[in-house]
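First the structure, in the form of structure tokens, and then the observations on it.
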Ligand code: TNX
């Protein structure tokens, strides 16, 4: 396979639309040039010709194209029977070559895995050529191609648009800025069945989000079955905020989520929140409580009142609990990270917190995973090597969280940034619209409501002075669900603001530091057309030229 290099023509990140049509790619690619040439057209004869190991990308693309257009779209191996299938003008050629040279300049060191996610895409009257160095890159490239097709491509059984299934002539050379581009879903405050999580994963994949952090346990619910501890998902999973009913994932359910995510090159990060946020577990097993007395289940939305016991009397039960839970969850999880929470343990004395965090992080590290936790973990000076701290204070940090985040970096760890005043998807919209269920949803504690513009107006390297790009693994948009009862309400809060977070995580740091807000809002409007087709709930916030 010949190494592929691409000319880097006029590099125009976020260039608005091609001549003659409202199409764009979001997050803005590292480089995108619209060519003054005829478009590609997908026809009845279109094939997807695959050279190299492109993973799931060709089949997922073929499914999407078949369902919308009704065309057969066969997936063809380029080298079947020793003959190389020559691509025709209506074909889509996908080449994966680990040796292909970088289509764009090498990523910053922080990107870590970023190099393998690069791809190049050439579209026009001669056909579509997608080139990547890995299956992940190929998948990401197909998400760009998807956005260059008419929005109707998202709808099964769609009518062909006037002008046909065309893609404007373009040249894209792209790779992510950060390796970790995450979303978090709190399935503890309210439970969301597997199908709902899959729906969320589908919508995230379009935005090149590559991590879904599942907040699996909290005071109001324990959502993952653990062998030997049946009451965690018995008593512990019977509740939710507001008495809206319980639920939990069996090991098989969790495996389905992991597999669905993996097919879309999304890594699941499981979180077991410890040692606070544990009322559900404490209510299920008296022996985990100081004094051995179980509290009643909890359905309110206060935080900071529960804690595992650090006392010698409960040490045997607590250590067995930590080992069983963390080992089993790690074994079910193919990804590299195991999140142990650590936040808001206000009911744990400082001494007990350090003792418990030591036991928790050592047990987690012994599973072979990289330990991840909220920035409070920085209180410990003895974190396992390479611990990832998740910063959840503000764009303008308060003194203590800033210090805790620095402590993690000083110990050789890295950070995932989730500044609550811009990246928390559960903060209210300014106009406080009714949800799809007609309810007022969202919280306001992080400096009030968050606009789309605010979600888009921050720079990861400017939050914590002294923490440079190499120490930032990536960014994540958490969605806490105290006020959200079903997946429509989840989507309604996530879209469109998560687009801002996904773009900050993916796209190059804007030259001169200024983001192109108008161009971004125009591109969000085009995503809105796609959400209309997929039935994804979103809030049409002001300022976006929705069509
Ligand atoms: C703070 S952010 C929490 C969560 C709440 C959230 C609500 C963090 C680490 N802890 O327990 O659900 O605020 O926005």
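The values are calculated or read from the model by the stated rules, or taken from the named source; none is laboratory data. Here the structure is a predicted model, which means the values were calculated and not measured. Neighbour counts run over all protein chains shown; Cβ positions are idealised from the backbone, glycine included.
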Open item on the list: Which numbered condition in (1) within 16 Å of the ligand (Cβ to nearest atom); (2) within 19 Å of residue 183 (Cα to Cα) is the only one that residue 445 fails?
Closed with: (2)
Open item on the list: For the stretch 297-305, check the following and say yes or no: at least one residue is without any contact (Cβ under 8 Å) to a residue 60 or more places away in the chain and more than 16 Å from the ligand (Cβ to nearest atom).
Closed with: no
Task: Residue count, the stretch 208-222 (criterion: assigned to a loop (DSSP other than H, G, I, E, B), touching a strand residue (DSSP E or B) at 6+ places or on another chain (Cβ under 6 Å) and within 16 Å of the ligand (Cβ to nearest atom)) - done: 1
Task: Which numbered condition residue 303 misses (of (1) at pLDDT 95 or above; (2) in contact with a helix residue (DSSP H, G or I) (Cβ under 8 Å, 6 or more places away or on another chain)) - done: (2)
- [ ] Could you grab me the full set of residues in the stretch 337-352 that are within 12 Å of the ligand (Cβ to nearest atom) and in a loop (DSSP other than H, G, I, E, B)?
- [x] 342, 343, 344, 345, 346
Open item on the list: Just the residues that are under 18 Å from residue 151 (Cβ atoms), assigned to a loop (DSSP other than H, G, I, E, B) and modelled with pLDDT of 95 or more, please, taken from the stretch 493-547.
Closed with: 495, 496, 535, 536, 537, 538, 540, 544, 545, 546
- [ ] Go through 240, 248 for me and flag whichever is touching a strand residue (DSSP E or B) at 6+ places or on another chain (Cβ under 8 Å), closer than 24 Å to residue 302 by Cβ, touching a residue at least 24 places away in the same chain (Cβ under 8 Å) and away from the ligand (no atom under 16 Å from the Cβ).
- [x] 248
TODO: Within the stretch 399-433, count every residue that is farther than 25 Å from residue 358 by Cβ, within 15 Å of the ligand (Cβ to nearest atom) and free of Cβ contacts under 8 Å to residues at least 24 places away in the same chain.
DONE: 2
Task: Looking only at the stretch 360-369, and only at residues there that are crowded, with 19+ Cβ neighbours inside 10 Å and more than 16 Å from the ligand (Cβ to nearest atom), the one that is farthest from the chain's Cα centre (by Cα) - done: 363
Task: Looking only at the stretch 223-238, and only at residues there that are touching a helix residue (DSSP H, G or I) at 6+ places or on another chain (Cβ under 8 Å) and not in a loop (DSSP other than H, G, I, E, B), the one that is nearest to residue 145 (Cα to Cα) - done: 224
Open item on the list: Can you confirm whether residue 518 is in the same structural domain as residue 406 (by TED's automatic domain parsing) and surrounded by fewer than 20 Cβ atoms within 10 Å (Cβ to Cβ)?
Closed with: no
TODO: Among the residues of the stretch 464-493, write down those that are more than 14 Å from the ligand (Cβ to nearest atom) and either at positive phi or in contact with a strand residue (DSSP E or B) (Cβ under 6 Å, 6 or more places away or on another chain) (or both).
DONE: 466, 471, 472, 473, 474, 475
TODO: Could you run through the stretch 158-207 and say how many residues are assigned to a loop (DSSP other than H, G, I, E, B), within 18 Å of residue 65 (Cβ to Cβ) and out of contact with any helix residue (DSSP H, G or I) (no Cβ under 8 Å at 6 or more places or on another chain)?
DONE: 2
- [ ] Test residue 272 against the criterion of being assigned to a strand (DSSP E or B) and more than 28 Å from residue 135 (Cβ to Cβ), and give yes or no.
- [x] yes
TODO: Test residue 436 against the stated conditions and say whether it is touching a residue at least 60 places away in the same chain (Cβ under 8 Å) and touching a helix residue (DSSP H, G or I) at 6+ places or on another chain (Cβ under 6 Å).
DONE: yes
- [ ] Having 1 or more residues that are within 29 Å of residue 519 (Cβ to Cβ) and at pLDDT 95 or above is the bar; report the helices (runs of 4 or more DSSP H) wholly within the stretch 376-485 that clear it.
- [x] 420-423, 452-456
